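Asker: Handing you a structure now.
The values are calculated or read from the model by the stated rules, or taken from the named source; none is laboratory data. All values derive from a computational prediction rather than experimental measurement. Because the Cβ atoms are built from the backbone with ideal geometry, glycine has one as well, and the counts that use them run over all protein chains shown. For accessibility, only protein heavy atoms count, side chains too; no ligands or nucleic acids. Shrake-Rupley method; radii C 1.70, N 1.55, O 1.52, S 1.80 Å.
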Amino acid sequence: MRRILTGIQPSGHITLGNYLGAIRPLLSLQNEEDTELLVFIADLHAITVPQDRQNLKKNIKELAALFLACGLDLNKSHMFIQSEVPSHNQLGWVLECNSYIGELERMTQFKDKKQKQVEGVSAGLLTYPPLMAADILLYDTDLVPVGEDQKQHLEITRNLAERFNNKYGETFKVPEPFILKEGARIMSLVDPSRKMSKSDPNPKGFIALLDDINIAKKKIKSAITDSDGTIRYDLENKPGISNLLTIYSSLTNIPIKNLEIRYENTNYQNFKEDLANIVADFLTKIQSKYDYYINSGDLDLILNSGRDYAYHYASRKIQKVYRRIGLGRN
Ligand code: AMP
Ligand code: TRP
């Protein structure tokens, strides 16, 4: 059985970037035979930077309902909340003790996020990757669908698994990242040199899956492009329009080459108008399913069952890890 696992932090409104970078690749694997999906809400990772209690609570539920609204098949998957499965913290600590400060300080995400902290940099922000490695290694994961920005965290996860296996004997499966060529790095709509981020203080930079439809359309229509006027994929010279082409292509499965031909004799306005409608249709479908799940008692039942499954699997693994190291009495 092949196991696929991914997590998303409930640290803001889930964006089109999250969908195209992590959720869509995850869902693309769920129909394959002999495959099981584990999906979780990385709330412990979210608190590596300050979070408002009420917002965090709301975002956790919102994210759970969104995974379902996006089409997660419950016959193939288990969904749970990270903090409800204590083995994540337990293995996180063990892996922290096998990580070097130097390698953690070299992580790009740490260096970026560190700059943005006004209340000081938490130790958790530095030890974020061993906790993420624990999330993955607890479940003998084969594949981890993520966006491009998480590639480095997957590399350190692989290193930690191999380091532990060499030191204590074969314990962990070494996972592979699953990063799509297209959509793995969706850029901000107001500054195409930056990643689209759910924590962007300027909401015009991102499309949230729960954005009001008309506002989302406006965001697409006012996305920053260049003054050259031709609809052509050129990341270096035309990052804005290239980003919109990527979004268009990913949502419709029409290759970028075909889009370039289709829009050859038109202008940015026409192109953006079409894309705005495509995004609107996509959001409308998700939002109607979301409304169902967020208001249904099913959500808690689904999360309980996911928690129980994960708890059972992960507890066995952590006991094995403790034994290997010589912790406790067994
Ligand atoms: P985060 O928002 O940091 O919790 O990210 C959750 C998942 O979405 C990770 O797999 C990220 O790599 C992915 N992701 C976040 N932002 C983007 C983006 N702008 N483009 C593509 N993938 C993204
Ligand atoms: N670090 C990931 C992100 O911000 C979220 C995450 C936490 C994750 N644990 C994970 C993703 C395990 C994949 C697997 O995007």
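Asker: Identify, please: which residue in the range 198-214 is within 14 Å of ligand 1 (Cβ to nearest atom) and open to solvent by less than 30 Å² (accessible area, probe 1.4 Å) and is, among those, farthest from Lys238 (Cα to Cα)?
Answerer: Only one residue tops the list, namely Leu209.
Asker: Would you check which residues across the range 55-88 are farther than 20 Å from Asn304 by Cβ and touching a residue at least 24 places away in the same chain (Cβ under 8 Å) and list them? Write out each step before concluding.
Answerer: First, pick out the residues of the range 55-88 that are farther than 20 Å from Asn304 by Cβ: 55, 70-71.
Correct list: Cys70, Gly71.
Asker: Now a separate question. Filter the range 135-186 down to the residues that are more than 16 Å from ligand 1 (Cβ to nearest atom), in a helix (DSSP H, G or I) and under 18 Å from Lys320 (Cα atoms) and list them by number.
Answerer: Leu137, Leu160, Ala161, Glu162, Arg163, Phe164, Asn165, Asn166, Lys167, Tyr168
Asker: Right, something else. Considering every residue within the range 7-23, establish whether at least one is more than 13 Å from ligand 1 (Cβ to nearest atom), among the aliphatic types (A, V, I, L, M) and without any contact (Cβ under 8 Å) to a residue 60 or more places away in the chain.
Answerer: No, because not a single residue in the range 7-23 is more than 13 Å from ligand 1 (Cβ to nearest atom), among the aliphatic types (A, V, I, L, M) and without any contact (Cβ under 8 Å) to a residue 60 or more places away in the chain.
Asker: I've got another one for you. Got a sec? Which helices (runs of 4 or more DSSP H) wholly within the range 7-121 have at least 1 residues that are modelled with pLDDT under 95?
Answerer: Helices (runs of 4 or more DSSP H) meeting the threshold: 24-29, 108-116.
Asker: Starting from the range 230-256, keep only residues that are in contact (Cβ under 8 Å) with a residue 24 or more places away in the chain and aromatic (Phe, Trp, Tyr), then list their pairs with residues that are open to solvent by 20 Å² or more (accessible area, probe 1.4 Å) and part of a helix (DSSP H, G or I) whose Cβ atoms are within a distance under 6 Å, requiring at least 6 positions of separation or different chains.
Answerer: Listed by first residue and then by second, the contacts come to Tyr233/Ile256.
Asker: Regarding Gly229, is this residue among the small types (Gly, Ala, Ser) and touching a Ser or Thr at 6+ places or on another chain (Cβ under 9 Å)?
Answerer: Taking the combined requirement at face value, the residue does not satisfy it.
Asker: Also: State all residues of the range 57-76 that are within 13 Å of ligand 1 (Cβ to nearest atom), open to solvent by 10 Å² or more (accessible area, probe 1.4 Å) and hydrophobic (A, V, I, L, M, F, W, C); if no residue qualifies, say none.
Answerer: Ile60, Cys70
Asker: Run down Gly102, Gly71, Gly7, Gly92 and say which single residue is on the phi > 0 side of the Ramachandran plot and small (Gly, Ala, Ser). Working first, answer last.
Answerer: Numbers: Gly102 fails: on the phi > 0 side of the Ramachandran plot; Gly7 fails: on the phi > 0 side of the Ramachandran plot; Gly92 fails: on the phi > 0 side of the Ramachandran plot.
That would be Gly71, the only listed residue that is on the phi > 0 side of the Ramachandran plot and small (Gly, Ala, Ser).
Asker: Take the residues of the range 241-283 that are of a type in the set (Lys, Arg) and within 22 Å of Gly21 (Cα to Cα): which is surrounded by the most Cβ atoms within 10 Å (Cβ to Cβ)?
Answerer: Checked the range 241-283; the qualifying residue surrounded by the most Cβ atoms within 10 Å (Cβ to Cβ) is Lys272.
Asker: Need pairs with beta-carbon distance below 9 Å; first residue more than 11 Å from Gln109 (Cβ to Cβ) and in contact (Cβ under 8 Å) with a residue 24 or more places away in the chain and within the range 150-162, second within 15 Å of ligand 1 (Cβ to nearest atom) and open to solvent by 10 Å² or more (accessible area, probe 1.4 Å); sequence gap 6+ or separate chains.
Answerer: Listed pairs, sorted by first residue: Thr157/Met132; Thr157/Pro177.
Asker: Return yes or no: is Val118 surrounded by fewer than 15 Cβ atoms within 10 Å (Cβ to Cβ) and over 27 Å from Leu327 (Cα atoms)?
Answerer: yes
Asker: For the range 24-54, enumerate the residues that are free of Cβ contacts under 8 Å to residues at least 60 places away in the same chain, more than 25 Å from Glu182 (Cβ to Cβ) and open to solvent by less than 80 Å² (accessible area, probe 1.4 Å).
Answerer: Glu36, Ile41, Asp43, Ala46, Gln51
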